[in-house]
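Chemist: Shown below is the structure under consideration.
The values are calculated or read from the model by the stated rules, or taken from the named source; none is laboratory data. Values in this document were obtained by computation on a predicted structure and should not be read as measured data. Here Cβ is always computed from backbone atoms with ideal geometry, including for glycine, and neighbour counts include all displayed protein chains. When the accessible area is computed, the model is the full protein with side chains, heavy atoms only, and any ligands, DNA or RNA have been set aside. Shrake-Rupley method; radii C 1.70, N 1.55, O 1.52, S 1.80 Å.
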Amino acid sequence: RQGSAEAARTLADHYRTTGDGPERLSAAIEWYQRAIELGDAEAALRLGRLRLDPKSPLRQSQEARTAFVKAAERGSVEAAMILAEDPYNGAALGVQSGVAELWLNRAIETKAPRALVLAAEIRSQYGDEGRIAAKSLLHEALQRVDDDVTALLALGRHVRDGVLIERDVPLALKLFDRAA
C-alpha cells in the first residue's frame, strides 16, 4: 500500500497460487493492477496469463489482451510474442494480423533468441521471401542463443530436421544437451 510494485506483485502471486475461488483470484487481480499502476511489466504479464487461463473463473480475453499490451509496451518480450502469435494460435485475444506484425517486429528488435525463432516460424509461412527472412532469423538466433530452454529446443529441432536451416545433427545434439 506504500507504493512497492514488487510487494504488490508478490501479494498478487500469493492470492493467485492459493486461490481456490473467485474471491482470492479477484484479490490477486486487484494487486496485479496495483503493481501495474506502479510500473511493473511482469505483473501485467502475469495478469494477462491469469485472465487468459481457460481454467480461471475470471477469464476475460479482452482484459488479458489489455494486460499483455501494457506488459509489451513496458518491454516484456514474452508479452510481445504472445500478442504476435495470437492470430496463429486461434486468436483467443483477438489481436489483428497487422497489430500482431507490429508486436512481432518489436520482439525481433530485442534480438532475444526465442523471439527470433518465433519470428522465423511465422515468417516462413509467407512464401519464398518469407522463408529467406526466416533462414536469416534462425541464423541470428543461433548466434545469440543463450540458456533459454525453449529457444535451445526449437533451434535444435530446426537444425536436426534441416527445416529453414542447414541440417547439422552434431550441432542439434549440442543444443539439446544445453537444454537438458
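Chemist: Restricting attention to segment 1-23, which residues are of a type in the set (Asp, Glu) and open to solvent by 70 Å² or more (accessible area, probe 1.4 Å)? Before you say what the answer is, go through the steps one by one.
Modeler: Of the residues in segment 1-23, the ones of a type in the set (Asp, Glu) are 6, 13, 20, 23.
The answer is 6, 20, 23.
Chemist: Tally the residues that are part of a helix (DSSP H, G or I) and touching a helix residue (DSSP H, G or I) at 6+ places or on another chain (Cβ under 6 Å), restricting the search to segment 51-62.
Modeler: Number of matching residues: 2.
Chemist: Take the residues of segment 78-94 that are surrounded by fewer than 22 Cβ atoms within 10 Å (Cβ to Cβ) and hydrophobic (A, V, I, L, M, F, W, C): which is nearest to residue 36 (Cα to Cα)? Before the answer, list the steps.
Modeler: In the first step, residues of segment 78-94 are kept if they are surrounded by fewer than 22 Cβ atoms within 10 Å (Cβ to Cβ); the result is 78, 85, 87-92, 94.
Subsequent filtering for residues that are hydrophobic (A, V, I, L, M, F, W, C) retains 91-92.
Numbers: 91: 24, 92: 22 Å.
Per the criteria, the residue is 92.
Chemist: What residue, of 112, 72, is in contact (Cβ under 8 Å) with a residue 24 or more places away in the chain, crowded, with 22+ Cβ neighbours inside 10 Å and among the small types (Gly, Ala, Ser)?
Modeler: On the way: 112 fails: crowded, with 22+ Cβ neighbours inside 10 Å.
Criteria check complete, one pass: 72.
Chemist: Examine segment 151-163 for a residue that is of a type in the set (Asp, Glu), open to solvent by 70 Å² or more (accessible area, probe 1.4 Å) and either in a loop (DSSP other than H, G, I, E, B) or at pLDDT below 95 (or both), and state whether such a residue exists.
Modeler: Checking segment 151-163: not a single residue is of a type in the set (Asp, Glu), open to solvent by 70 Å² or more (accessible area, probe 1.4 Å) and either in a loop (DSSP other than H, G, I, E, B) or at pLDDT below 95 (or both).
Chemist: Identify all residues within segment 82-100 that are over 21 Å from residue 47 (Cβ atoms) and free of Cβ contacts under 8 Å to residues at least 24 places away in the same chain; write none if there are none.
Modeler: Within segment 82-100, 87, 96, 97, 98 qualify.
Chemist: Does segment 124-141 hold any residues that are in a helix (DSSP H, G or I), open to solvent by less than 40 Å² (accessible area, probe 1.4 Å) and in contact with a helix residue (DSSP H, G or I) (Cβ under 8 Å, 6 or more places away or on another chain), and which are they?
Modeler: 130, 133, 134, 137, 138, 141
Chemist: Among (1) in a loop (DSSP other than H, G, I, E, B); (2) open to solvent by less than 20 Å² (accessible area, probe 1.4 Å); (3) among the small types (Gly, Ala, Ser), there is one condition residue 39 misses while meeting the rest; what is its number?
Modeler: Checking residue 39 against (1) in a loop (DSSP other than H, G, I, E, B); (2) open to solvent by less than 20 Å² (accessible area, probe 1.4 Å); (3) among the small types (Gly, Ala, Ser), the one that fails is (2).
Chemist: Further question: Any residue in segment 164-180 that's outside any helix (DSSP H, G or I): show its pairings with residues that are hydroxyl-bearing (Ser, Thr, Tyr) at Cβ separation under 6 Å, as long as the two are six or more apart or on different chains.
Modeler: From residues that are outside any helix (DSSP H, G or I), the pairs are 164/124.
Chemist: Here's another thing I want to ask about it. Looking at segment 43-50, can you tell me whether even one residue there is modelled with pLDDT under 95 and open to solvent by less than 70 Å² (accessible area, probe 1.4 Å)?
Modeler: Yes - at least one qualifying residue is present in segment 43-50.
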